[in-house]
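Here's the structure, in structure tokens; my notes come after.
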Amino acid sequence: MAPLLEIKGLKTHFPTDDGILQAVDGVDISINRGETLCVVGESGCGKTVTAMSILKLIAMPPGRIAAGQIIFEGRDLVPLTSNELDEIRAKEIGFIFQEPMTSLNPVLTVGEQIAESLRRHEAVTRKQALDRTIEMLKLVQIPNAEGRVHNYPHQFSGGMRQRVMIAMALACKPKLIIADEPTTALDVTIQAQILDLLQDMKERFGMAVMLITHAMGVVAETAQRVVVMYAGKVVEEAPVDDLFGNPGHPYTQGLIRSIPRIDLDSEHKTRLEAIGGSVPILINPPVGCRFAPRCKFAMNVCTEKEPLLREIAPGHRMACHLGDTNLGGAA
Amino acid sequence: MSQYVLRRLMIAIPSLLGISVVLFVVLALAPGDPFSELATNPNVPPEVQAALRAKFGLDDPIHLRYLHWLNAMLHGDWGFSFVSRMNVDTLILQRLPATLYVIGSAQILALLIAIPVGVYAATKPYSLFDQIANTLAFVGFSLPTFFTGILFILIFSVTLDWLPFVYTTDIKGTGIHWVLEMIRQAIMPVAVLGLFQAASMTRFVRSAMLDVIRLDYVTTARAKGLGQAKVIVKHVMRNAMIPVVTLIALQMPAVFGGAIVTEQIFRIPGIGSLLISSILSNDTPVVMAVTFVFACLVVLFNLIADVLYGWLDPRISLR
Ligand SMILES: Nc1ncnc2c1ncn2[C@@H]1O[C@H](COP(=O)(O)OP(=O)(O)OP(=O)(O)O)[C@@H](O)[C@H]1O
Ligand code: SF4
Ligand SMILES: [Mg+2]
């Protein structure tokens, strides 16, 4: 069966004074119906820009989709105008953003912000929209939903606001939810609650979830498949067990080693293996492998030839020259 | 809410009292008084002069005079204009409609220009429209009203002879003719004042919109598929108008101040030109009353700004 969403060779660029910033540079990601896909990578690797490009929510201009296709249910979204995309936004693909504190409009009640989405996409009266909104708020476990629906965002805590955001994204029962680091801004205890809620909702409505995160712990708990991004590119893609059991790319290996382990005592816990160095600048990136300056396995070929995604096991692909038999004696 | 307004009004009383003391002292220290003309008039005998001065208490110590003024004021007696030979309140009420008509229309014109232009420019920043709007706003903002006023008179009254350049309150004619004449003679002053206001307001609306447009909740609204118009009006404008409305309310006293200049240029018999002429003729009771009315307006519009702010922004509770 064809995937629900298929991103092919997506390039999203931002012109800057110093040159073109290639925030996303040829990304392929596909999501099947009902599946949870995690996208991981360090800050600035292009996760948000990739997600926002799907519904053209990046600022355009200056941002620009320079190349690629975004095929949703057999239809390419890239050539669509903003008006045409409005039919898909919230109705087919729902969004949950990183910052619950700033993602809600401070001068409108939370009820109005959820209901307006329903009224936009479905033939409902104001009363019906309000009832559905209260129902959604109950579903995301907001106590006293009938009263809270008329409250303003500042009257909610961060965790409660993120529940409101989830209710908003789910209101029109979309086929895909894109959650961009939905728990990063929250307290650790609240994080787990929100992730549980998201899982619950996913099972109840049977939608697909694209969960963006930089926490490998979250990935292990929620994902069926994982995409690892580095500097605007996908470097590895695998089913979750395969990725943790048999990580191929040195960058992925580094990410997995950096997970805090609860089975170690506190003295060892602090000694995470952080990956040295930092993300390369995305303006005029170096040729070859972008991870090469930080990679302890780097070879000569790595700075000369760009590694392409290749399958190393069924459903497991990575972009690294390590163990590539086609390179012959070059390695 | 009404409690808040009431409390704010109570707080305003001491500040208005303070302002009136300062005004009174300054005017008392200023050279000349309403009777300085009598003093130089050989037809009025000195005894009569002294009797009149005593009658109006002009030679009393200053604090007694102030208390006398305050007492009269509280009883609704605004004093008597020696120059116009009528009660000050009647005089002010006679002059006020022309001022309110011109200032009100100018302010409406400014809003009708500034809000659509500022909003549209902000939705397309650095577009041709935005750049033209910015340039015009900058020009309009830099040209003082006395300059544009005279320029308008030269072009539309003197050269083209389309519009009258003296504003008059006793237009001959009745009915529709009167209405048309009223509109015709207000065009230039309203345009001069309104365009000047519109220039600064447009810049403010645009920047307030740009501040909001890049915020996260606007992206949230876009992600709901609401459409550009709804996102701009319901989510961006609704928030951007909070500082704009507050600023407009706070600027109102300055607008009245600016109207003084416009009234002088177009000879509008409004409250501003009344102030100027009473200062020139040492008509102290009128000067005192008009400045005090201006002071009350400042306090009033400050209160209006606060109330509007609290009404527009649910995060602020007026208690
Ligand atoms: N509007 C923009 N203009 C210019 N550059 C941008 C813009 N938005 C994003 N970028 C750049 O694109 C790159 C990728 O950013 P992105 O927000 O996608 O990273 P991310 O992986 O989501 O990081 P994080 O984990 O911090 O959210 C960054 O270098 C960022 O500076
Ligand atoms: S291609 Fe080379 S530099 Fe890049 S990750 Fe693989 S081994 Fe390291
Ligand atoms: Mg991000």
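The values are calculated or read from the model by the stated rules, or taken from the named source; none is laboratory data. As the structure is a prediction and not an experimental result, all values here were calculated from the model. Counting neighbours? That spans all protein chains shown, and the Cβs are built from the backbone with ideal geometry, glycine included.
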A:Gln69 more than 16 Å from the chain's Cα centre (by Cα) and either within 26 Å of B:Gly227 (Cβ to Cβ) or away from ligand 1 (no atom under 16 Å from the Cβ) (or both): yes
B:Glu263, sole failed condition from (1) under 23 Å from the mean Cα position of the chain (by Cα); (2) within 14 Å of chain A (Cβ to nearest Cβ); (3) buried (at least 23 other Cβ atoms within 10 Å of the Cβ): (2)
Qualifying residue in the stretch B:274-296 (condition: hydroxyl-bearing (Ser, Thr, Tyr) and in contact with a Leu (Cβ under 6 Å, 6 or more places away or on another chain)): yes
Condition check for A:Lys175: under 26 Å from the mean Cα position of the chain (by Cα) and more than 14 Å from chain B (Cβ to nearest Cβ): yes
Qualifying residue in the stretch A:100-110 (condition: free of Cβ contacts under 8 Å to residues at least 60 places away in the same chain, farther than 28 Å from A:Asn151 by Cα, away from ligand 3 (no atom under 16 Å from the Cβ) and facing chain B (nearest Cβ under 9 Å)): no
Unique residue being among the acidic types (Asp, Glu), more than 16 Å from ligand 2 (Cβ to nearest atom) and at pLDDT 85 or above when the list is A:Asp196, A:Asp187: A:Asp196
Residue pairs meeting the criteria (Cβ under 8 Å; at least 6 apart or on separate chains; first within 14 Å of chain A (Cβ to nearest Cβ), in the stretch B:292-318; second loosely packed, with under 15 Cβ neighbours inside 10 Å): B:Tyr309/B:Ile316; B:Gly310/B:Met1; B:Gly310/B:Ile316; B:Gly310/B:Ser317; B:Pro314/A:His154; B:Arg315/A:His154
Selection status of B:Ile276, over 30 Å from A:Glu99 (Cα atoms), more than 10 Å from every other protein chain (Cβ to nearest Cβ) and at pLDDT 85 or above: yes
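Let's see how each residue does on (1) under 30 Å from A:Ala2 (Cα atoms); (2) in contact (Cβ under 8 Å) with a residue 24 or more places away in the chain; (3) within 9 Å of chain B (Cβ to nearest Cβ):
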residue: A:Pro79; (1), (2), (3): yes, no, no
residue: A:Phe97; (1), (2), (3): yes, yes, yes
residue: A:Thr125; (1), (2), (3): no, no, no
residue: A:Gly158; (1), (2), (3): no, yes, no
residue: A:Leu170; (1), (2), (3): yes, yes, no
Complete set of residues in the stretch A:22-39 that are more than 16 Å from ligand 2 (Cβ to nearest atom) and either modelled with pLDDT of 90 or more or charged (D, E, K, R) (or both): A:Val27, A:Asp28, A:Ile29, A:Ser30, A:Ile31, A:Asn32, A:Arg33, A:Glu35, A:Thr36, A:Leu37, A:Cys38, A:Val39
Test: residue in the stretch B:46-55 that is surrounded by 16 or more Cβ atoms within 10 Å (Cβ to Cβ) and either at pLDDT 85 or above or touching a helix residue (DSSP H, G or I) at 6+ places or on another chain (Cβ under 7 Å) (or both): no
Qualifying positions in the stretch A:21-41 - within 12 Å of the chain's Cα centre (by Cα) and near ligand 1 (Cβ under 8 Å from one of its atoms): A:Gly41
Residue that is free of Cβ contacts under 8 Å to residues at least 12 places away in the same chain and either away from chain B (no Cβ under 14 Å) or in a loop (DSSP other than H, G, I, E, B) (or both), where the choices are A:Ala192, A:Ala185: A:Ala192
Complete set of residues in the stretch A:46-56 that are within 11 Å of ligand 1 (Cβ to nearest atom) and either among the hydroxyl-bearing types (Ser, Thr, Tyr) or touching a Leu at 6+ places or on another chain (Cβ under 9 Å) (or both): A:Gly46, A:Thr48, A:Thr50, A:Ala51, A:Ser53
Yes/no for B:His68 being surrounded by 13 or more Cβ atoms within 10 Å (Cβ to Cβ) and at pLDDT 80 or above: yes
Some residue of the stretch A:35-43 being within 30 Å of A:Asp241 (Cβ to Cβ), of a type in the set (Gly, Ala, Ser), touching a His at 6+ places or on another chain (Cβ under 8 Å) and in contact (Cβ under 8 Å) with a residue 24 or more places away in the chain: yes
